[in-house]
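**Q** Can you read through this structure? Questions will come right after.
The values are calculated or read from the model by the stated rules, or taken from the named source; none is laboratory data. This one's a predicted model, so the numbers in the text were calculated from it and none came from an experiment. Cβ placement follows ideal geometry from the backbone for every residue including glycine, while neighbour counts extend to all protein chains displayed.
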Amino acid sequence: MNTTLNIHENRVKKGAMLLDKWFPNWFIKINLWKLKMDCCYNCILGQLYKDFWDGREILSSNAQSNYLRDSIENGINALTEHYGTIEKYWIKEINKRLNNETISQK
């Protein structure tokens, strides 16, 4: 597998774990049909908070970190050329969690 893809997949997993800590069951609130990582209103934080910027500010204060740098490391933000790749890994991660949620409810 391409090393760049592994990096993005790992970043999304880190971002999902961060959201697990600060926004339990966050994945239930994401509309996959609307998910667009290049849109500050339809990205992960845009759907959980009012927009990317509000979500980033809230998570920065909660995590007490440099969230602009960390948001790239956590797969919540991406360089423009990687939006599509990051988006695919978020969809994969959310589907995995939704499937686990469905199984645990049975």
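**Q** Give the residue, chosen from TRP33, TRP53, that is under 21 Å from GLU101 (Cβ atoms), more than 13 Å from the chain's Cα centre (by Cα) and either without any contact (Cβ under 8 Å) to a residue 60 or more places away in the chain or assigned to a helix (DSSP H, G or I) (or both). Break it down stepwise before answering.
**A** Working: TRP53 fails: under 21 Å from GLU101 (Cβ atoms).
Residue meeting the stated conditions: TRP33.
**Q** Let me ask something else about it. What number of residues within the range 37-57 are more than 18 Å from HIS8 (Cβ to Cβ) and aliphatic (A, V, I, L, M)?
**A** 1
**Q** Among what's in the range 35-63 and is of a type in the set (D, E, K, R) and within 17 Å of TYR89 (Cβ to Cβ), pick the residue that is surrounded by the fewest Cβ atoms within 10 Å (Cβ to Cβ).
**A** Filtering the range 35-63 down to residues of a type in the set (D, E, K, R) leaves 36, 38, 50-51, 54, 56-57.
Next, only the ones that are within 17 Å of TYR89 (Cβ to Cβ) stay: 36, 38.
On the way: LYS36: 15, ASP38: 12.
The selected residue is ASP38.
**Q** Give the residue that is nearest to ALA16 (Cα to Cα), with candidates limited to residues of the range 65-106 that are among the aliphatic types (A, V, I, L, M) and modelled with pLDDT of 75 or more. Spell out the reasoning first.
**A** Of the range 65-106, the ones among the aliphatic types (A, V, I, L, M) are 68, 72, 76, 78-79, 86, 91, 94, 98, 103.
Subsequent filtering for residues that are modelled with pLDDT of 75 or more retains 86, 91, 94, 98.
Values: ILE86: 12, ILE91: 11, ILE94: 9, LEU98: 13 Å.
So, considering only residues that are among the aliphatic types (A, V, I, L, M) and modelled with pLDDT of 75 or more, the one nearest to ALA16 (Cα to Cα) is ILE94.
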